[in-house]
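J.: Dumping the structure here so I can ask a few things about it.
What follows draws every value from the coordinates through simple rules; no lab data is involved. Because the structure is a prediction, the values reported are computed rather than measured. Methodologically, a virtual Cβ is constructed for each residue, glycine included, from the backbone with ideal geometry; neighbour enumeration extends over all protein chains shown.
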Amino acid sequence: MRESATCRSRLDLPRELRVSDALGYASWIRGVPSSTASRRNPELLERVGLTSKASHRVGQLSGGMNRRLALAVALVTDPDVLLLDEPTTGLDPAQRAALRGIVAGLGSEAATILSSHVMEDVAMMADRVAVLDEGELLYDGGMSDFVSTYGGAEKSAEAAFLAIIERGRLS
């Protein structure tokens, strides 16, 4: 069984490292064989849209690029489960869209567990949604049912979330 990985929004990599070396270091520290890393790491950089930044220093990356590098680092071990905590927070609209596309593109590669308060992002990245309020599970089901049943006239994920929370607090 492969392991799980967490994508943290802030990387604790030396700012002087080049992006490709940072990914190589992450692979090495996680025990990925060098033959696998030398083949896979360029693919990961391409997947997260950082191929053109491979020779740049980590400290030169924008916030969005840093998030994409964090995602590549999380993927070096080819995990079964990927945990993403607020992956789009602080990103501009273009960076958010790019990251959503990358995460949605993971498909069957890894079960992705996403924690976010940005329901628009959740709706674009998830097939299934679970709503927790103060540790209590209020909803667990498909995204399309979530939006169509609870999304109000506008059929939005945010309206559905608010309706579920309100319903949970009233019961």
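J.: Which whole-Hz couplings ³J(HN,Hα) result when phi for each residue of the range 33-45 is put into the Karplus expression 6.51 cos²θ - 1.76 cosθ + 1.60, θ = phi - 60°, listed in order with x for Gly and Pro?
T.: x, 4, 5, 5, 5, 5, 7, 7, 4, x, 5, 5, 4
J.: Amide H to amide H, which residues 5 or more places from ASP133 or on other chains are under 5 Å from it, using H placed in the peptide plane?
T.: Amide H neighbours of ASP133, under 5 Å, 5+ apart: LEU138.
J.: Can you work out ³J(HN,Hα) from phi for every residue in the range 85-99, in order, using Karplus 6.51 cos²θ - 1.76 cosθ + 1.60 and θ = phi - 60°, giving whole Hz and x for Gly and Pro?
T.: Rounded to whole hertz, the list is 10, 6, x, 9, 4, x, 8, 6, x, 5, 5, 4, 4, 5, 5.
J.: Restricting to Cα pairs below 8 Å that are 6+ residues apart, what does the relative contact order work out to for the range 127-171? Please round to a whole percent.
T.: It comes to 30 percent, rounded to a whole number.
J.: So how do 51-61, 78-88 stack up, highest first, on mean other-Cβ count within 10 Å?
T.: Ranked from most to least packed, the peptides come out as 78-88, 51-61.
J.: For Cα pairs less than 8 Å apart in space and 6+ apart in sequence, what is the mean separation divided by the residue count of the chain, i.e. the relative contact order in percent? Walk me through the numbers before you get to the answer.
T.: Working: 247 pairs, mean separation 35.0, N = 171.
Worked out over the chain, it gives 20 percent.
J.: On to the next question. Roughly how many whole Å is it from the C-alpha centroid of the range 48-77 to that of the range 151-171?
T.: Between the Cα centres of the range 48-77 and the range 151-171 lies a distance of 36 Å.
J.: List, in order, the whole-Hz ³J(HN,Hα) value for each residue of the range 69-77 obtained from phi through the Karplus relation with A = 6.51, B = -1.76, C = 1.60 and θ = phi - 60°; use x for Gly and Pro.
T.: 5, 4, 5, 4, 4, 5, 8, 4, 8
J.: Would you grab the residues whose amide H sits under 5 Å from the one on GLU86? Only those 5+ places off in sequence or on another chain, please, with H modelled 1.01 Å from N.
T.: Those qualifying (amide H under 5 Å, at least 5 residues apart or on another chain) are SER115, SER116.
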